[in-house]
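The values are calculated or read from the model by the stated rules, or taken from the named source; none is laboratory data. These numbers come from a predicted model, not from an experiment. When we count neighbours, we look across all protein chains shown, and the Cβ atoms used for this are built from the backbone with ideal geometry, even at glycine.
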Ligand code: FAD
Ligand code: NDP
C-alpha cells in the first residue's frame, strides 16, 4: 500500500500546523499536501492545549499514525499501519517528547497519579487527576517551565504544592538568582514549598499501584496525592539518525531550514538552526521559533530564490498567576537588573563582549516589550553597566 504527495509534513504539532497554513496561503493544489501525525487530532496550539488550527479540509490528514521508519534516499516514510508515503519535499516537525523519570533510574511513571504534560491526552489526564485530589498534596518535579506553570495552576485549584528540583533556584537556565527569588517569594506567599538541590530517588505505591509518597535523595519522604513531572524534553530525531546530520541534539539545518538532504527541511523543537544574531547554531524549544521556522521553511520550498536566510531573534515568555514576562535574545555574559523588584515592573539586560545581547521584562506594556525587542536586535554597545541599570527601560525606549 502506498501513496505519493509533493509535500509531506511529518508531525502534527505547532510547527506542522503553521507550515500547513502557510502552504494553504501560498496556494498548493489539492492532493499535494499531507500531514502525518501520531496524535489522533489535527495540529493544535500546544501552549494553550486547546485552540485548533483552521486547516483547509483538502489537506490530507493521516492522524493517529506513527511513522516508524524513514528512507531518506528513496524519499519514503513507512507508517506503523504498514503504509508507505512518498514525498518530493519533506518537512520534519516531530518536535520532542517529555523526558521520563526512568531515564534517571526512577520507576513509576506509569502510575495513574504521576502526570507529564506534552500533548492533549496528557493535559486531559492531568486535569482528571487534579480534580480527584482537591485539597490534597502535589509534588512537582522540575523547576523549569512545566514545573512553574503547573505549580501555579495547582495552587489556583487549591492543591498544596511542593516543588523539588536540583538547582539552587527555579528556571535556572534563564533566570538570574535575583529574578528567580522574586517569583519564588510570590509562590511561597501562595503556600508553595521549595525543596532545592535534590532529586527524586523513588516512589512508594499502594496496592492499586497509585503513588502514595516520594523519597528524595536527601533522605526526606513526602506523602503525596499526585505528582507532576517536568524535567525537560528530548527531540524526536531517531527516524533520521544515521541519515541526516545532527547537532545540539536536533536535526541540523541551514538558514533555509534545509537539512543535509536537499529535499528535507526541519522546523520547530527538533531543528538546530543558525541564529544569525549570535553566529551560532541553536535548538530552541519555544512556540515562536516553531511558528516562524515553519513558515520560513515553506517559503524556502515554494519560493527558493525569493527567500533569504532565517534571521530569528529568540523569544521566550510565560504567564503564571497574574505575572507575565518576556525574554528576547541570549542570556549570555553579565546581567544588569533594573526596575522595581519590590513592585510589578522590573527586568534585566545581558551584556556580552560590550554589547547588549538579551533583555528580560516582567509586567511591561506592549510598547515596552517592543522597545526591548528592538534594542536586543540592534545589539547596542554598552560601556557603563551601572548607568545602564539606572536608565533601565529608558535605555531600550531611546536606543
Ligand atoms: P510538537 O508541538 O511537539 O509536535 C510534534 C508532533 O510530531 C506531535 O504531533 C507528535 O505526535 C508528532 N510526532 C513525533 N514523532 C512522530 C512520528 N514518528 N510519527 C508521527 N508523528 C510524530 N512555548 C512557548 O514559547 N510559550 C509557551 O507558553 C509554551 N507553553 C507550552 C505549554 C506546554 C504544556 C507544552 C508541552 C509546551 C509549551 N511550549 C511553549 C513549547 C511549545 O509548545 C513547543 O516549542 C512547540 O510545541 C514545538 O512545536 P513542534 O511542532 O516542533 O513540536
Ligand atoms: P525545562 O527544560 O524548562 O526544565 C526542566 C527542569 O527540570 C530543569 O529545572 C531541570 O534542571 C530539572 N530537572 C532535570 N532533571 C531532573 C530530575 N531528575 N529531577 C528533578 N528535576 C530535574 O523543561 P520542562 O519539562 O519544564 O518543559 C518541557 C518543554 O516544554 C520545554 O521545551 C519548555 O521550553 C516547554 N515549555 C515552555 C513553556 C513556555 O515557554 N512558557 C511552558 C511549558 C513548557 P537542569 O536545568 O539541571 O537540567
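Looking only at the stretch 133-146, which residues are under 19 Å from the mean Cα position of the chain (by Cα) and either assigned to a loop (DSSP other than H, G, I, E, B) or within 13 Å of ligand 1 (Cβ to nearest atom) (or both)? Selection gives 142, 143, 144, 145, 146.
Can you find a residue in the stretch 118-132 that is more than 12 Å from ligand 2 (Cβ to nearest atom), without any contact (Cβ under 8 Å) to a residue 60 or more places away in the chain and not in a helix (DSSP H, G or I)? No, every residue in the stretch 118-132 fails to be more than 12 Å from ligand 2 (Cβ to nearest atom), without any contact (Cβ under 8 Å) to a residue 60 or more places away in the chain and not in a helix (DSSP H, G or I).
Selection of the stretch 304-329 for residues being assigned to a loop (DSSP other than H, G, I, E, B) and over 17 Å from residue 269 (Cα atoms) yields 304, 305, 306, 307, 308, 309, 321, 322.
Summed over the stretch 297-320, the residues that are over 20 Å from residue 278 (Cβ atoms) and either within 14 Å of ligand 2 (Cβ to nearest atom) or surrounded by 15 or more Cβ atoms within 10 Å (Cβ to Cβ) (or both) give a count of 10.
Could you please let me know if residue 149 is within 16 Å of ligand 1 (Cβ to nearest atom), surrounded by fewer than 20 Cβ atoms within 10 Å (Cβ to Cβ), closer than 29 Å to residue 344 by Cα and at pLDDT 95 or above? Judged against the criteria, residue 149 is a match. Checking each residue of the stretch 123-132 against the condition of being modelled with pLDDT of 95 or more, surrounded by fewer than 22 Cβ atoms within 10 Å (Cβ to Cβ) and within 11 Å of ligand 1 (Cβ to nearest atom) gives at least one match. The residues listed here are 224, 270, 228; of these, the one that is farther than 30 Å from residue 77 by Cβ and within 16 Å of ligand 1 (Cβ to nearest atom) is 228.
Within the stretch 80-117, can you find the residues that are touching a helix residue (DSSP H, G or I) at 6+ places or on another chain (Cβ under 7 Å) and either under 18 Å from residue 16 (Cβ atoms) or in a helix (DSSP H, G or I) (or both)? Across the stretch 80-117, the qualifying residues are 89, 91, 92, 93, 94, 95, 96.
If you check 244, 216, 257 for being under 30 Å from residue 111 (Cα atoms), touching a residue at least 24 places away in the same chain (Cβ under 8 Å) and surrounded by 17 or more Cβ atoms within 10 Å (Cβ to Cβ), only one passes: 216. Filtering the stretch 318-337 to residues that are over 13 Å from residue 361 (Cα atoms) and touching a strand residue (DSSP E or B) at 6+ places or on another chain (Cβ under 7 Å) leaves 330, 332, 333, 334.
The residue that is farthest from ligand 1 (Cβ to nearest atom), among those in the stretch 62-85 that are more than 28 Å from the chain's Cα centre (by Cα) and surrounded by 17 or more Cβ atoms within 10 Å (Cβ to Cβ), is 75. For the stretch 152-170, a residue qualifies if it is over 16 Å from residue 227 (Cα atoms) and surrounded by 22 or more Cβ atoms within 10 Å (Cβ to Cβ), and exactly one does: 170. Against the criterion of being part of a strand (DSSP E or B) and farther than 30 Å from residue 23 by Cα, residue 70 does not qualify. Based on what the data block shows, is residue 323 surrounded by fewer than 21 Cβ atoms within 10 Å (Cβ to Cβ), within 16 Å of ligand 2 (Cβ to nearest atom) and at pLDDT 95 or above? Criteria met by residue 323.
Considering the conditions (1) farther than 30 Å from residue 216 by Cα; (2) surrounded by 17 or more Cβ atoms within 10 Å (Cβ to Cβ); (3) within 16 Å of ligand 1 (Cβ to nearest atom), residue 89 is excluded by exactly one of them, (3). Being at pLDDT 90 or above, within 16 Å of ligand 2 (Cβ to nearest atom) and assigned to a helix (DSSP H, G or I) holds for only one residue in 15, 20, and it is 15.
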